[in-house]
Amino acid sequence: MLPPGPYNPKEHEEKIYQLWEKSGYFNPDKNETGKSYSIVLPPPNVTGTLHVGHALMLVIEDILIRYHRMKGFKTLWLPGTDHAAIATQSKVEKIIYDKEGKSRYDLGREEFLKRIEKFAQDSHDTIVHQTKSMGASLDWSREAYTLDQARNRAVNTAFKIMYNDGLIYQGDRVVNWDPKGQTTISDDEVIYKEREAIFYTFKYSRDFPIAIATTRPETKLGDTAVAVHPNDERYKKYVGQEFDFEFCREQVHVKIIADESVDPEFGTGAVGITPAHSQIDWEIAQRHQLPLKQVIDENARIIVGGQDIKGKKINEAREIIVAWLKNEGLLIKEENIKQNVATAERTGGIVEPLPKKQWFVDVNAKIKMQPRIKYEAKLKNIKVGDEVSLKELMRSVVKSGEIKIIPEHFEKIYFHWIDNLHDWCISRQIWYGHRIPVWYKDEEIYVGEKVSEEEGWEQDPDTLDTWFSSGLWTFSTLGWPDETKDLKTFHPTDVLETGYDILFFWVARMILMTTYLLGEIPFRVVYLHGLIRDAERQKMSKSKDNSVDPLHIIDEEGADALRMAMVFGTGQGNDVVMSPDKVIAQKKFANKIWNASKFVLNNLGEKFEFMVVAIHELSLQNQNSDDKNILEKLNQTIAGVTKNLDNFMFHEAAQEIYQFFWHDFCDVYIEKVKLRLNSNDAADKKIAQEILYFVLLQCLKLLHPFMPFITEVIYQNLPEKNKENLMIENWPGV
RNA sequence: GGGCACUUGGCGCAGUUGGUUAGCGCGACUGGUUUACAUCCAGUAGGUCAGGGGUUCAAAUCCCUUAGUGCCCACCA
């Protein structure tokens, strides 16, 4: 029997979660016969707490997991957290600086890492608590961390394999340097922000024949060439000439070169080439064997020139140079333009291209596919012995349909991204992360899985891009590089569900790593969900201060209401609008379920013995048209919900069961049945009771993936024989 | 500059492979309240599916085009 009054989620949710955990059914090992179904949880960053975006991820994945568990699959949902290298380090640095005024260098590597680990542990605990509050049915016994020992072994192994294959190389290149975070970052971590800038047109010196234009005059101290288009009649005669002059008291030597990449229409049609401080100029310099001259250092300060400019920050240096140009009468034009400035995703620092020796993953080099663990299996269009590049691997598995991306149009975006992909810079000058597994001794270099005990070896001080370890996530969590039972059973995983904002950062890298290292796909389906927006359609973000804490909503309205609100009325992959109205509407729905269940349970009669009624056991002949009607609609609903869940149409599935339960079952059937329950026709009354009970039970099952808590509470109060948990009841129609 | 989408009643959205009166939530209006539920029920109003063109026996759904909006990538020095 259910207690009177409205449904109060607070009374039940925690108890129910404990009941589930105690049952052990989150762990797939309890199901010995089912076919496997697996999802690895995209590990939340240990940078604090979960936000509504995480909540959405948990809801969708838990729906898939619960649905498949009920369908009898050996279902694994594997939890974990991400050390998120730069993100976590910069957050802790900021906290320490704000509190103690100290930098990481003041503390030293060891002490600083201790502080981060403490912070990460606290975040982890909060995150786990929040995750459980959402009702997520994760197998906590398999929990992983991207920076724990098992994952470190996987990372080192992966690095070694790639190094030996020539895919990882150390190169002197112009990289994206973040002066604020004091580290390099990859192309994907660069965010362009529009800004006002001044576009200066000038000559280096009075004797120099060509004018050039730039928004960054301070870099011109490092120019080693001026490039013009080969067909530009204005400048043809100068090509090949070399000039020496003093530019703001710095000795500069430039050569005039011709290069196709120069647009004669833009600016003066001549480009000052600064190989050390521009990606593109560096490439041009490579083509023409130009020397490279670094004029800016890691702190974004000028390192050449006279006393007035040496040691100055770039903004100050710019002013000094402009003043000098004016003074010398060299400045021709100043224009205000809008410019995209490269900034670092995590720290917001302005990215300074600098020449540095870094580790890279070569995405274009052809490698011969090797037989690896499970290799014989799997890729459709690539066999052992084929020569392929990482780019081709990434492209192949999506093109072939082995990996399906939902919504589908993201496949095009994915291909477009691969086309523009450059080598991936994987080394970072930060301390929190997997140390690069490379040791040096004099001229020797050793790459391995373990620290060499021998004396005199020194490990590379850098750490790896966090996405390097995340890229291994689907299989590092299952025991790789060992050939474990879990790896055999649960890999490839079935679905990778995440926000579309990390399609490139993460999803693409998982595909790269997995196809290359395992010779199989990491997952069959990529389901990308949208962003959460508020009632005014604004993106929810901390900086905008419009984000809501999922725990707060759970506290107010219940986890079930929040879950349902997140999938209700939101098309596949679309952004989710979260308004209080929406959650309250679903809270009302929960209450409706509660009350209708109360009504049914109160009307089953003294001796309700037709436990676990199957549809064929219902006395079909004596049913009236209402009975037949509701049963037929129930069947349609079961078919519809099932089909929509199979097709990742969560909103449609949710709406269908909502509609059926509230309007067909409650408003029509229950209202009509009230008369029969009062009548003296005992046989007819019994039929009505059977159907009430039967339909309710089926509805609870259909609703369970969406609203697990309330449905389980009610289930626990049903007069079923031998019942355990609704969580493992059979899905209707199975 | 290149690419990808979106545009459906007042608001927010659904409508997968083209096929009977285009659905839902919120809101509005009118009534009801008899074995759960006022966090309720019944009913009403409101959309020629952005504009134009095409394919088809048949289009919100496919194609072309115009306009508006949003996103991604590249980045002009």
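The values are calculated or read from the model by the stated rules, or taken from the named source; none is laboratory data. Every value quoted in this text rests on a predicted model; they were computed, and no experiment measured them. We place every Cβ from the backbone using ideal geometry, glycine too, and count neighbours over all the protein chains shown. When the accessible area is computed, the model is the full protein with side chains, heavy atoms only, and any ligands, DNA or RNA have been set aside. Shrake-Rupley method; radii C 1.70, N 1.55, O 1.52, S 1.80 Å.
The charge dipole of the range A:430-572, taken about its Cα centre with unit charges on the Cβ of Lys, Arg, Asp and Glu (plus for the first two, minus for the last two), comes to roughly 840 debye. Counting heavy atoms of the protein chains alone, residue A:95 has an accessible area of about 60 Å² for a 1.4 Å probe.
The alpha-carbon of residue A:412 sits under 17 angstrom from the alpha-carbons of these lysines, leaving out residues fewer than 8 places away in its chain: A:391, A:399, A:404. Between residue A:409 and residue A:639, the distance separating the two model label sites (each 7 Å from Cα on the Cα→Cβ line) works out to 3.2 nm. Working ranking of peptides A:714-723, A:563-572 by packing, defined as the average number of other Cβ atoms within 10 Å per residue, highest first, is A:563-572, A:714-723.
Which of the listed residues, A:212, A:152, A:186, is farthest toward the dipole's positive end in the range A:137-262, when Lys, Arg count +1 and Asp, Glu count -1 at the beta-carbon? So the residue furthest toward the plus end is A:212.
Stretch residue A:339-residue A:231 to full length: gain in nm at 0.36 nm per residue minus the Cα-Cα span? List each step's numbers first, then the result.
Working: separation 108, 0.36 × 108 = 38.88 nm, distance 2.80 nm.
Separation in residues times 0.36 nm, less the Cα-Cα distance, equals 36.1 nm.
Hey, any idea what % of chain A's accessible area is carbon plus sulfur with a 1.4 Å probe?
Working: 15240 of 31880 Å².
Of the solvent-accessible surface of chain A, carbon and sulfur hold 48 percent.
Here residue A:14 sits with roughly 140 square angstrom of accessible surface, probe radius 1.4 Å.
Stretched out straight at 0.36 nm per residue, the stretch from residue A:435 to residue A:287 would grow longer than its current Cα-Cα span by 49.9 nm. When only Cα pairs below 8 angstrom with a gap of at least 6 residues are kept, chain A shows a relative contact order of 17 percent. Working from label points 7 Å from Cα in the Cα-to-Cβ sense, the residue A:206 to residue A:190 distance is 3.9 nm.
Count the net charge of all other residues whose Cβ sits under 12 Å from the Cβ of residue A:479, scoring Lys and Arg as +1 and Asp and Glu as -1.
Counting the neighbours of residue A:479, the net charge comes to +2.
Ranking A:522, A:224, A:175 by how far each Cα lies toward the positive end of the dipole of chain A (charges on Cβ) leaves A:522 at the top. When the Cα convex hull of the range A:34-128 is projected onto planes of every orientation, the mean area is 7.1 nm².
To check you understand DSSP bridge types, tell me what percent of the beta bridges within chain A (both residues inside) are antiparallel, rounded to 5. Don't skip to the end; give the middle numbers.
Working: 56 of 79 bridges.
Within chain A, antiparallel bridges account for around 70 percent of the total.
As a rough guide to protection, the peptides A:213-226, A:254-267 ranked by mean Cβ packing within 10 Å, highest first, stand as A:213-226, A:254-267.
If you take the Cα centroid of the range A:85-125 and the Cα centroid of the range A:1-55, the two points sit 32 Å apart.
Please compute the contact order of the range A:206-334 in relative form: average sequence separation of alpha-carbon pairs under 8 Å and at least six residues apart, divided by the residue count, as a percent. Before the final figure, lay out each step's value.
Values: 214 pairs, mean separation 34.5, N = 129.
In percent, rounded to a whole number, it is 27.
Counting only protein chain heavy atoms and rolling a 1.4 Å probe, the accessible areas of A:628, A:592 rank, largest first, as A:628, A:592.
Give, rounded to the nearest 20 debye, the magnitude of the charge dipole that chain A has about its Cα centre when Lys and Arg contribute +1 at Cβ and Asp and Glu contribute -1 at Cβ. Don't skip to the answer; put the middle values down first.
Values: 92 positive and 111 negative charges, 180 e Å.
So the dipole magnitude of chain A works out to roughly 860 debye.
Using just its DSSP H runs of length 4 or more, each adding -39500 (n - 2.57), chain A gives a mean residue ellipticity at 222 nm of -12000 deg cm²/dmol after division by all residues. Could you give the distance between the Cα centres of the range A:297-336 and the range A:652-698, to the whole Å? What the calculation gives is 81 Å, centre to centre.
For chain A, what percent of Cα pairs sit more than 35 Å apart? It works out to 55 percent of all Cα pairs. Placing +1 on the Cβ of every Lys and Arg and -1 on the Cβ of every Asp and Glu, with nothing else charged, gives the range A:14-155 a dipole about its Cα centre of roughly 320 debye. Extending 7 Å from the Cα toward the beta-carbon at both residue A:370 and residue A:686 defines two label points whose distance is 7.2 nm. Between A:76, A:248, A:673, the Cα set farthest toward the positive side of the dipole of chain A (charges on each charged residue's Cβ, about the Cα centre) is that of A:673.
Take the Cα of residue A:32, step 7 Å along the line toward its Cβ, and report every residue of the range A:65-80 whose backbone nitrogen sits under 18 Å from that point. What the label zone holds, given the 18 Å backbone N cut-off, is A:72-75.
Over the range A:100-216, calculate the relative contact order: mean separation of alpha carbon pairs under 8 Å at least 6 apart, over the residue count, as a percent.
Details: 39 pairs, mean separation 10.1, N = 117.
It comes to 9 percent, rounded to a whole number.
Screening chain A for whole DSSP H helices of 24 Å or more along their axis (Cα) with average Kyte-Doolittle hydropathy at least 0.0 returns A:52-70, A:682-703. Looking at chain A, the accessible area is 43 square angstrom per residue; that uses a 1.4 Å probe and ignores ligands, DNA and RNA. At the residue level, residue A:400 shows approximately 20 square angstrom of accessible surface with a 1.4 angstrom probe and all protein chains present. Percent of C-alpha pairs per 10 Å bin in the range A:226-331, short distances first: 14, 39, 37, 10, 0.
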